Every structure is written in structure tokens, then in C-alpha cells.
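Encoded as C-alpha cells, the structure appears first; notes follow it.
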Amino acid sequence: MTVRKLFLLFAVLFVGLEASGCGVVSSAVDNVTGFVGLHETGTVIAKVAQIRSSYAVVAADLLEVKRGETLDVLDEIDFEKVHWYRVRAQDDYKTEGWIEAQNIITDDLLDKSKKIAEEDKDYQPQATAQLRAATNLRLTPEQRDDNILVKLDNLSNFEIVSWRFVPKSQDALDVDNARKGEVKQVKGKTRNAEIEAAKESNEPEKIDEKYDIWYKVRLDRSVSPAPAGWVFGRQVELQVPSDIVFYQQNNKKYVTWQRLDNIEANDKFAAANKDATKTSKPGSWVILSRTNIVKAQEGIEPDFDGILVLAYDKYNEEHYSAYRNNDVWGLLPLKVEGTGDNKTFVLKLRGANGEIEEKRFVTFKDAKGRLKVTVPEGIATTGK
């Protein structure tokens, strides 16, 4: 069969040359390439998967492959709403067979994920998080059949680089784990009556009622060969360090945090540890928080509306507030610069003139060793 395909390819090339004109030859090659099925490469993303003799329900397992192994992708087919690839393994026998598409990622998709990672390569992580259920990693912040990169396992850990508020869709699934081509039924809306009642009583709009949140994430290779993408927020749990979680208020959740000291956190992001709990040595932090109230200006919601600099007195073994502002309008990212006790953190805040400006906050220790903050001028309030 392979010989016949090659013969056909050379025959068409010969005819193309006789007809002359580079465009004709190029077109002929493209057509034959599609017919012959020249392959691309894929990477196994499942922990363990089987190459099978067929995509039918009853088929033999030919070879077990593991995450990170490379396969040649020869063909593809949809069978009973499941997408399959015909692949060739890199073992001694060059085993060929069929594997479910959800178990591998093609080089084309992998390159797109790497491009997303490249966009934010210099960004400090804004938070770390863990999944509460298996969830799709996507190219864009929307639930579409054609933008799935890989399916991440339940309890997968990752870094959050940024996020986006998207108007709630009545068709959005709570758990975004559908395969390509699979259509899941959306459960009945249980909160619609409550939302409408709140509108009628002129209560402030709530973020979690008006929007869904999508997180742009960065992943360790042990979690996913795809290094970056978007994750639907309903099954994402932020891993607030134990050092500061006690100070979080119910009506004002922490969204971003960075250390301001040189203490190494015990909970430094370890993607491979699914049972990781956020325990950390006490220290000083800059923390950004967000209320659950809609505060859109010109159609854009702030990423945070509160700033807290939480300092730590190692002699008294207690935290104290070095700076607090619960009424700002700001956008990510939070950037921390400097070394030692003299750190600077930079925020994008709405200024007194209504424009978004970079504001630099300088931290330092006074003569008594207490952390102080030099606050920039011209920070506007939200008025809400």
C-alpha cells in the first residue's frame, strides 16, 4: 500500500512538470498529500493510554503509552461521537493502531499553547490554584468545540497569570469537561428567580451572577505538555497561603498575592503534588482583593478593588497592617521589584483624572524595624 501511494505521488509530480508552471505542481502536491495522508506528530497527554487495533468497541490493546511520549499521527476519524487518531509509536516494532484523540495533543495545538506561554513569559504568577474537577484547557476563554487543547485531571495545580470576566451564558457548563464533538445538557438554572428578585429590589449587581471568570494559566510539564491556556473558573480553587488566609474576609476575597520579604515559602508552587496544601512561613505580603459587587467603568471590570500590605513582626510573632486601601480600581498584573527589605510593587490604578496609570508603592523598614509604605499620590476611589 505504501509503495502504491508513493508511486501515485511521483506520477502526479511528473504530470505536473510536463504541464509546466510551478503553481500547477504545487497544487498537485497538495492534493496528493491530502490523499496519501502524510502524518504529523503528537504528544501523549494522558498518564497512561492504549493504542488499540481498532476504534470499534471491541478491539485489542496493542501498546501502552505514557505521558510525554511522541507518536506519529497518520489519520483521524469520528466514530460514535468520539474522535480517534491512527498513530505510529516509537517503539522497536513501530506499532500502529488507534488512540482516542483526547489522549494526545498534536504539534499544531502544542505550538499554539507555546505561543500563549510566550506572551506572558516575563509575567510574575498572580496566584496559584487547583482544579476541583477534570477540566478542559482551552486556546481561548470560551466553551467551543474547536478550541480544546487538553483535558486536565482533577486536582491539577497551576499558576494564574491573568483572568477575564465574561458575561454569563445560559449555555455554559458548570464542569467544562466535554470532549470534542460531545454535547452535554445544561442543568436547569436554579438562581434565576433570586437574580431577578435582586434586580427588582435595586440591590447591587453581583460579579458571580453577572459574569463567569476565565483564568489564563501556566502549567508545569508534569501536569500538561501544553504549557499555557485558558481554564473555566467555576471549578478553580485559589490556593491562598495559610500564612494569610486567616485575614481574608467573606465579602472581599484575595485574588493576588506576592511576598515582600526574602523568606522562601514552604508552599512554593509544586505542580506534581496533587495533595499540596498551602502552608507557608509567616512573612510580609502585598495582597490584592476583590468584592463581589459589579464596578464596571466604560464596560470594564476592575481585577481588584482593595490593596493590603500585611507586615510580620517576627519578635512578637504577629502580623500587622502596614497599608490598606479598600476603595481602588485596578488592573493586573501586580509586579514586585527590588531585593532585601526595600521592595517596590507596581499597580495599574485609575488615577484622579480617570485614566489608568502605573503607581509605584515603595516599602522600607523604619528605625524600629517596622515595615512602612510610601504611597503614590493621585489614586482615585470607586465610589461604591
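The values are calculated or read from the model by the stated rules, or taken from the named source; none is laboratory data. Quantities reported herein were computed from a predicted structural model and do not represent experimental measurements. Cβ coordinates were reconstructed from backbone atoms using ideal geometry, including for glycine residues, and neighbour counts include every protein chain displayed.
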TODO: Test each condition in (1) part of a strand (DSSP E or B); (2) surrounded by 14 or more Cβ atoms within 10 Å (Cβ to Cβ) for residue 382 and report the one that comes out false.
DONE: (1)
Open item on the list: Going through 358, 301 one at a time, which residue ends up being surrounded by 15 or more Cβ atoms within 10 Å (Cβ to Cβ), under 28 Å from the mean Cα position of the chain (by Cα) and not β-branched (Val, Ile, Thr)?
Closed with: 301
TODO: Evaluate the stretch 61-72: report whether one residue or more is within 19 Å of the chain's Cα centre (by Cα) and part of a loop (DSSP other than H, G, I, E, B).
DONE: no
Task: The listed residue being surrounded by 20 or more Cβ atoms within 10 Å (Cβ to Cβ), in the same structural domain as residue 257 (by TED's automatic domain parsing) and closer than 23 Å to residue 239 by Cβ, out of 349, 331, 308 - done: 308
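Within the stretch 46-58, identify whether any single residue is part of a loop (DSSP other than H, G, I, E, B), more than 30 Å from residue 229 (Cβ to Cβ), in contact with a Gly (Cβ under 6 Å, 6 or more places away or on another chain) and at pLDDT 85 or above, and answer yes or no. Walk me through how you get there before you give the answer.
Of all residues in the stretch 46-58, those part of a loop (DSSP other than H, G, I, E, B) come to 46-47, 53-58.
Right, trim to more than 30 Å from residue 229 (Cβ to Cβ) and you get 53-54, 56-58.
With in contact with a Gly (Cβ under 6 Å, 6 or more places away or on another chain) added as a condition, the list becomes 53.
Cutting the leftovers down to at pLDDT 85 or above gives us 53.
The answer is yes, given that some residue of the stretch 46-58 is part of a loop (DSSP other than H, G, I, E, B), more than 30 Å from residue 229 (Cβ to Cβ), in contact with a Gly (Cβ under 6 Å, 6 or more places away or on another chain) and at pLDDT 85 or above.
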Task: Filtered residue count, the stretch 253-263, keeping only those that are of a type outside the set (Phe, Trp, Tyr) and surrounded by 17 or more Cβ atoms within 10 Å (Cβ to Cβ) - done: 6
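Here's the yes/no breakdown for (1) modelled with pLDDT of 90 or more; (2) in the same structural domain as residue 71 (by TED's automatic domain parsing); (3) part of a helix (DSSP H, G or I):
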{"residue": "175", "(1), (2), (3)": "no, no, no"}
{"residue": "186", "(1), (2), (3)": "no, no, no"}
{"residue": "193", "(1), (2), (3)": "no, no, yes"}
{"residue": "197", "(1), (2), (3)": "no, no, yes"}
{"residue": "202", "(1), (2), (3)": "no, no, no"}
{"residue": "215", "(1), (2), (3)": "yes, no, no"}
{"residue": "221", "(1), (2), (3)": "no, no, no"}
{"residue": "225", "(1), (2), (3)": "no, no, no"}
{"residue": "230", "(1), (2), (3)": "yes, no, no"}
Task: Filtered residues of the stretch 213-250 (kept if surrounded by fewer than 17 Cβ atoms within 10 Å (Cβ to Cβ), of a type in the set (Ser, Thr, Tyr) and in contact with a strand residue (DSSP E or B) (Cβ under 7 Å, 6 or more places away or on another chain)) - done: 247
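Restricting the search to the stretch 330-354, which residues are among the acidic types (Asp, Glu) and more than 29 Å from the chain's Cα centre (by Cα)?
Of the residues in the stretch 330-354, the ones among the acidic types (Asp, Glu) are 337, 341.
Matches in the stretch 330-354: 341 only.
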